[in-house]
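I have placed the structure first, in the form of structure tokens, so that the comments after it can refer back to it.
Where a number appears in this text, it was derived from the coordinates with a stated rule and is not lab data. All values derive from a computational prediction rather than experimental measurement. FYI the Cβ positions are ideal-geometry reconstructions off the backbone, even for glycines, and counts take in every protein chain you see.
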Amino acid sequence: MAHDEIVDHYSALARNALSGQRIADRDSAAYAEQAGVANMQFLHGTIEAIPPGHTVDVVISNCVLNLSDDKAAVLAEAFRVLRPGGRFGISDVVTAQVLDEQARQRDGQRIGCAAGSLTVQEYRDLLVAAGFVAVTITPAADHGDGVQSAIVQAVKPVIGPGLEIRPMREGDAAEVLAIYQAGLDTGQASFETTAPSWEGFAASRLPQLRYVATDSDSGEVLGWVAASAVSSRPVYAGVVEHSVYVHPGCQAHGIGRALLGAFVAAAEDAGVWTIQSGIFPENAASLALHQGLGFRVVGTRERVGCHRGLWRDVLLIERRSTLTGV
């Protein structure tokens, strides 16, 4: 079967699905057999509610997402079915700015699929909210009036088998704070001794840079990473201070490294050019973790505070982006 015929068939599948028609298994199977493809499975569903129980390596689409009335649900489903490290790569129509109704109708008549298009920033925001990192939106063709075709790419954060990294939710509060307290109880994580309330935690952390690592089967939270703004002054808009904590029973499993790697990627997507923090010199594991992901020690604050009856030094660390702010 010629490539164009395959594309036309899948375009027909998408159109029929959107109009509520059901494609018979035998039709899809016939196309697969004709194409000589034996390792293919067809599932009936909608892009807002993909049948459960499947994990995929790549999600692709050709100018379909703009036709959905619930784009957040589409991206959430794409994130759900992808394995960790899986790739999202689609073509779609985007706009440079929000179109008024008159412009939408005009462009819809001229281009066809522009009526439900998102702006580039709206696309980015929805992908980040779903949990994707390494987001790129590359213009492919200019259709005039600020309407463009674009290649949209993103990645589900990488982590080991049986685990997943996703955005932190309010429902994670109890587990996040328990892990926080367990870290404080070691005496090596912070000058703090008691974890804050969830309200205090949420108020002091940036909402778009909070992630948890979970058990894929049980959903149990095994670690988290979050960041706070260092200042409200505009000059520090791209500078954050972060924390990363792992459940005491799950350390040395690569969870901290995976969380921090995902956080760095998300921070660069958000325009952060400096990530900084402080580490007790005695916390060798944390220092090694950060240095392994490009952080460097920029100085030592000697005897900066008394903690549990001891005056403690703090190593100041930072990671400067090579992509943002250069």
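Counted residue by residue at 0.36 nm each, then reduced by the alpha carbon distance between them, the extension gain from ASP57 to GLU170 reaches 37.8 nm.
Report the calculated FRET efficiency for THR193 and VAL298 (r = Cβ-Cβ distance, R0 = 30 Å), to the nearest 0.05. Before the final figure, lay out the partial values.
Values: r = 27 Å, r/R0 = 0.88.
For R0 = 30 Å, the calculated efficiency reads 0.70.
Shape call for the stretch 152-239 from the C-alpha gyration tensor, a ≥ b ≥ c root eigenvalues: rounded (a/c under 1.5), prolate (a/b greater than b/c) or oblate? Don't jump to the answer; show the numbers that get you there.
Numbers: a/c = 1.95, a/b = 1.11, b/c = 1.76.
Because a/c hits 1.5 or more and a/b fails to exceed b/c, the stretch 152-239 counts as oblate.
Positive contributions from Lys and Arg (+1) and negative ones from Asp and Glu (-1), summed over other residues with Cβ under 12 Å from the Cβ of VAL133, come out at +2.
Taking Cβ atoms as reference points and 11 Å as the exclusive limit, the residues near LEU323 contribute a net charge of -1, counting Lys and Arg as +1 and Asp and Glu as -1.
Classify the stretch 243-326 from the C-alpha gyration tensor, please: rounded if a/c falls under 1.5, else prolate or oblate depending on whether a/b exceeds b/c. It comes out oblate by the Cα gyration axes.
Anisotropy class assigned to the stretch 163-320 is rounded, per the alpha carbon gyration tensor with a/c under the 1.5 cut-off. Between ALA29 and THR136, the FRET efficiency estimated from the beta carbon spacing at R0 = 35 angstrom works out to 0.50. When each of the peptides 275-284, 297-306, 317-326 is scored by the mean number of other C-beta atoms lying within 10 Å of its residues, the order from highest to lowest reads 275-284, 317-326, 297-306.
Figure the gain on full extension for ARG233 and GLN41 (residue separation times 0.36 nm, minus the Cα-Cα span) and round it to one decimal in nm.
Numbers: separation 192, 0.36 × 192 = 69.12 nm, distance 5.36 nm.
Result for the pair: 63.8 nm of gain on full extension.
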